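Have a look at the structure below before the remarks.
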RNA sequence: GGUCUCGUAGCUCAGUUGGAUAGAGCAACAGCCUUCUAAGCUGUGGGUCCCAGGUUCGAAUCCUGGCGGGAUCACCA
């Protein structure tokens with residue numbers, strides 16, 4: 001049983017025995033003792049003064065005395081103001097470490113009684129331009145959160161909804177048709193997504209010129225924007241697309257295919273994947289029936305022009321359009337439909353949408369509207385709203401060429417890792433192939449950790465001029481710690497020191513070693529919290545603390561050269577448990593750990 | 001203007017049901033490789049936790065108001 005739970009129960013019992021009443025609800029708070037104080041767990045006694053009717057120090061003394069006498073694991077206690085610090089005996093910690101070693105998936109919940117089925121939608125790119133740094137954050141978050149949720153024993157499905165239709169897609173198609181000269185990714189020797197993205201940019205440039213020309217001819221800006229020949233042509237193309245015009249559809253298929261192939265490469269390099277990919281071209285008509293039904297049932301209102309609206313004024317929001325006056329769908333309509341379809345397809349208990357915080361309002365409305373339609377599962381729909389990635393100067397703007405391209409960044413990370421390793425004189429002894437693999441692991445690890453260590457909700461800053469660090473609170477730091485541990489294992493093999501299956505409780509243990517075990521003990525809780533908050537950052541920060549703690553231990557605890565065999569084996573054993581958790585935690589972040597670096 | 005959100009060291013960030021003296025990394029400076037990987041370890045300096053009230057034994061954390069930044073409020077997606 002969890003030691004914390006055991007302590008809480010013991011305190012409950014103590015309060016009853018000593019003060020003759022039940023402790024008030026939630027009054028028993030057990031937390032980890034802060035490092036600067038003696039002890040392992042701390043009971044905050046202030047909330048208990050109501051029943052003890054005695055000063056804090058005295059209450060703490062009485063409870064401490066009782067716990068020491070009645071709980072095996074409590075070896076000692078001390079009182080500082082209203083804080084009762086409890087020390088847990090070494091036997092408990094060593095035994096705990098032994099159970100960790102035996103548990104293949106330590107920290108993970110398996111065989112949960114009623115596992116949930118959770119859908120997580122992430123990535124969801126547009127097929128008109130390549131992925132950039134913002135998408136990287138989305139992809140890494142989605143992939144990692146899926147992993148983290150699975151540790152809690154639930155079934156998670158990762159889905160991608162590709163936005164492959166609409167006016168923005170027609171823009172790049174039209175530009176290619178006009179100025180592309182039948183170029184293909186092969187001929188241009190360029191990834192398809194980049195090639196198509198170039199045409200999207202070109203469209204925008206030419207469109208701007210036309211607008212300027214119309215303005216010069218005396219038209220208003222709005223008028224110019226609406227009447228520029230290029231936009232009219234693009235709109236015409238969209239109409240043809242919707243009418244299933246063969247020529248347009250063929251071009252659309254061809255160019256989307258280029259882009260999707262490009263995305264596949266980026267996804268693979270990033271190390272993310274999906275259980276299913278949906279295409280908006282196949283789902284964009286969903287939702288209309290739901291809306292019409294809602295109107296018939298009086299949930300929505302129809303205006304004179306025929307458009308259908310949800311009135312959300314009673315929820316403190318505005319009115320929201322659901323069907324245009326011509327009867328066609330809007331974004332919200334589609335999302336209503338896809339949400340409904342998803343919950344049915346998978347018989348899901350929860351759905352998570354990894355979407356930037358600029359769409360907070362949209363998801364707020366989506367939930368309310370689904371609720372109004374009578375779907376009780378609207379409560380189980382979560383928007384994992386993440387903050388934008390900004391440059392030091394502010395937002396990334398594609399038009400100003402300040403976007404950080406995903407593929408470029410990945411390449412750059414590897415070459416930085418390469419430079420670093422050369423500077424440090426590492427990896428010289430290894431084959432070219434192994435070297436390449438290691439620097440990729442490190443470069444990618446640096447990037448992923450850099451992004452995932454930040455609380456998803458927060459806007460984060462990325463400075464492309466300063467390359468991502470490899471020292472300190474970084475991915476490579478943690479990877480390095482892991483590599484050190486593997487190096488220990490290799491050395492141990494050479495020296496004939498074997499890794500014991502378990503440790504005897506009477507081995508000599510230092511404070512630092514106990515601290516490490518305590519840090520290990522926090523792993524399951526860290527995962528629970530991370531899953532609850534959809535926050536890989538909490539896993540990242542946990543693993544960092546563990547690695548930092550280990551490096552301190554490593555620095556002043558000889559392992560191979562320790563003369564006491566039992567101590568030497570214990571340290572090797574402890575190191576291996578740390579290594580396993582680093583590998584596990586980093587794995588949840590989608591970061592690999594190298595055997596050497 | 002309405003709604004939402006953020007504000008912690010020079011910079012990037014931790015700090016989770018309110019708990020003890022607010023922590024890391026980077027950058028700066030000073031040390032530690034004849035000893036298991038120095039991508040490491042140790043130390044120094046650096047704080048009005050945006051401001052003002054309130055709640056309480058106790059507030060970076062909760063409430064109210066203000067200041068500052070961001071997002072959003074389309075018959076776009």
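What follows is calculated from the coordinates using simple rules that are stated; it is not laboratory data. Not measured: the values here are computed from a predicted model. So basically every Cβ, Gly included, is an ideal-geometry build from the backbone, and we count neighbours across all protein chains shown.
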Using only Cα atoms, find the angle between the long axis of helix A:331-346 and the longest principal axis of chain A, and express it within 0 to 90 degrees, rounded to the nearest 10. 50
Given 10 °C and 1.306 mPa s, compute D for the range A:196-334 with the Stokes-Einstein relation, Rh being the Kirkwood radius over Cα pairs; round to the nearest whole µm²/s. 84
Using per-residue counts of other Cβ atoms within 10 Å, averaged over each peptide, order A:457-468, A:68-79, A:252-263 from highest down. A:252-263, A:68-79, A:457-468
Can you give me the relative contact order of the range A:475-597 as a percent, contacts being Cα pairs under 8 Å and 6 or more apart? 47
Output the Cα-based Rg and Dmax of chain A in Å, rounding Rg to one decimal and Dmax to a whole number. 29.7, 93
Based on DSSP H runs of at least 4 residues, each adding -39500 (n - 2.57), what is the mean residue ellipticity at 222 nm of chain A after dividing by all its residues, to the nearest 500 deg cm²/dmol? -17500 deg cm²/dmol
With an 8 Å Cα cut-off and a minimum separation of 6 or more residues, compute the relative contact order for chain A in percent. 14
Under Stokes-Einstein, the range A:457-597 at 20 °C and 1.002 mPa s, with its Kirkwood radius over C-alpha pairs, diffuses with a coefficient in µm²/s of 132
Computed E for residue A:116/residue A:208 - FRET, C-beta separation, R0 60 angstrom, nearest 0.05: 0.75
By the mean-Cβ-within-10 Å protection proxy, highest first, A:176-189, A:112-125, A:383-396, A:578-591 rank as A:578-591, A:112-125, A:383-396, A:176-189
Could you tell me how many degrees, from 0 to 90 and to the nearest 10, lie between the Cα long axis of helix A:229-242 and the main elongation axis, the longest principal axis, of the Cα atoms of chain A? 70
Compute the helix-to-body angle for A:523-533: its Cα long axis versus the longest principal axis of chain A, expressed 0 to 90° and rounded to tens. 30
Where only C-alpha atoms are counted, convex hull volume of the range A:413-462 per residue in Å³: 69
Globularity ratio of the range A:145-233, using Cα Rg and 2.2 N^0.38 Å: 1.65
Using per-residue counts of other Cβ atoms within 10 Å, averaged over each peptide, order A:427-434, A:273-280 from highest down. A:273-280, A:427-434
Given just the C-alpha atoms of the range A:449-513, how large is their convex hull per residue in cubic angstrom? 168
What is the pair-distance distribution P(r) of the range A:262-412, computed from all Cα-Cα distances in 10 Å bins starting at 0, with each bin given as a whole percent? 9, 31, 31, 20, 8, 0
Stokes-Einstein at 20 °C, 1.002 mPa s, Kirkwood radius from Cα pairs: D for the range A:412-532 in µm² s⁻¹? 122
One finds, for residue A:184 and residue A:552 with R0 = 45 angstrom and r their Cβ-Cβ distance, a FRET efficiency to the nearest 0.05 of 0.20
